[in-house]
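**Student:** The structure under discussion is supplied below as structure tokens; questions concerning it will follow.
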Amino acid sequence: MMTVGSVDNRDRQRGLSLTPVSRETEERLAILVAELERWQRAKNLVSTATLDEVWTRHIADSLQLFDHAPEARRWLDLGSGGGFPGLVLGIRLTEVGGHIDLVESNARKCAFLRHAARLTGAAVTVHAARIEDAMPQFHGKVDVVTARALAPLPLLLDWCKELLRTGVIGVFPKGQHLDAELTEASKYWKIQASTFPSVTDSAARILVIRNAQKRTDS
């Protein structure tokens, strides 16, 4: 009979095989997973159905984003929620002297983000604010902006327009409706972007935007 522990261990091994990290980073990530499971009972930080595959569905899914801008040291995560991808990237960035700002408007989730960051030593700063209010303070201060399962692409572009038009890279994990989102966004935006397959989900892709500017003819 397979136990809960064996399921977790197999998922951990699979997740880390998809996105290998150092032993120290793995240990920090294990602390994050333990705290997520502990807080989940009261705070509902992620979908409970994903907890049996947390290393694949959340840890590896977040870690893969780092590889799309490995030289970047200043990241920004919008709508950080339970810490994916922001806390995971913050742990990864600790290895290379980087830092990530996490923007989250929910006070309870901010409490978890700060708590987990303290325990893991993640290189993060948590901003308890609405995205629209927080964005101006990051102009000229970040290299990459990301957001996971937050909003359709046209809205993401609107939030990030001042960053993307000045050379900040957008790294956005997207699901099966990405083509439709790109079609809609192209009505109003000129976008320089590439897509890459997700290592954790065959139906998902990573959208990497190098530049985006509002169309004057829309």
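The values are calculated or read from the model by the stated rules, or taken from the named source; none is laboratory data. Small disclaimer: the values here were computed from a predicted structure and weren't measured. Positions of Cβ are generated from backbone atoms using ideal geometry, with glycine treated the same way; all protein chains shown enter the neighbour counts. All accessible areas refer to the heavy atoms of the entire protein, side chains included, with ligands and DNA or RNA removed. Shrake-Rupley method; radii C 1.70, N 1.55, O 1.52, S 1.80 Å.
**Student:** Could you tell me which numbered condition SER17 fails, if it satisfies all but one of (1) open to solvent by less than 50 Å² (accessible area, probe 1.4 Å); (2) within 17 Å of SER202 (Cα to Cα); (3) hydroxyl-bearing (Ser, Thr, Tyr)?
**Tutor:** The single condition SER17 does not satisfy is (1).
**Student:** Can you tell me which residue is farthest from LEU178 (Cα to Cα) among those in segment 120-155 that are in contact (Cβ under 8 Å) with a residue 60 or more places away in the chain and outside any loop (DSSP other than H, G, I, E, B)?
**Tutor:** Within segment 120-155, the match that is farthest from LEU178 (Cα to Cα) is THR120.
**Student:** May I pose another question? When segment 20-38 is examined, which residues are found to be surrounded by fewer than 14 Cβ atoms within 10 Å (Cβ to Cβ) and among the basic types (Lys, Arg)?
**Tutor:** ARG23, ARG38
**Student:** Among the residues of segment 101-119, which ones are surrounded by fewer than 19 Cβ atoms within 10 Å (Cβ to Cβ) and either in contact with a Leu (Cβ under 7 Å, 6 or more places away or on another chain) or assigned to a loop (DSSP other than H, G, I, E, B) (or both)?
**Tutor:** If we filter segment 101-119 for residues that are surrounded by fewer than 19 Cβ atoms within 10 Å (Cβ to Cβ), which is where we start, we get 105-108, 110-111, 114-115, 118-119.
Result: SER105, ASN106.
**Student:** Report every pair of residues separated by at least 6 positions or lying on different chains whose Cβ atoms are under 6 Å apart, first residue within segment 187-208 and surrounded by 15 or more Cβ atoms within 10 Å (Cβ to Cβ), second among the aromatic types (Phe, Trp, Tyr).
**Tutor:** Close Cβ pairs (under 6 Å, with a partner that is among the aromatic types (Phe, Trp, Tyr)) amount to ILE206/PHE196; LEU207/PHE172.
**Student:** Restricting to segment 39-82, what's the tally of residues that are farther than 25 Å from CYS160 by Cβ, open to solvent by 20 Å² or more (accessible area, probe 1.4 Å) and in contact with a Lys or Arg (Cβ under 8 Å, 6 or more places away or on another chain)?
**Tutor:** The total comes to 1.
**Student:** Out of (1) open to solvent by 40 Å² or more (accessible area, probe 1.4 Å); (2) in a helix (DSSP H, G or I), the odd one out for GLY97 is which?
**Tutor:** That leaves (2) as the condition not met.
**Student:** To continue, here is another question. For segment 169-184, indicate whether the set of residues that are closer than 27 Å to GLY97 by Cα, modelled with pLDDT of 95 or more, of a type in the set (A, V, I, L, M, F, W, C) and open to solvent by 10 Å² or more (accessible area, probe 1.4 Å) is non-empty.
**Tutor:** First pass over segment 169-184, keeping only residues closer than 27 Å to GLY97 by Cα: 169-173.
If we keep only those that are modelled with pLDDT of 95 or more as well, we get 169-173.
Then drop every residue that is not of a type in the set (A, V, I, L, M, F, W, C), which leaves 169, 171-172.
Narrowing the set further to residues that are open to solvent by 10 Å² or more (accessible area, probe 1.4 Å) leaves 169.
Checking segment 169-184: at least one residue is closer than 27 Å to GLY97 by Cα, modelled with pLDDT of 95 or more, of a type in the set (A, V, I, L, M, F, W, C) and open to solvent by 10 Å² or more (accessible area, probe 1.4 Å).
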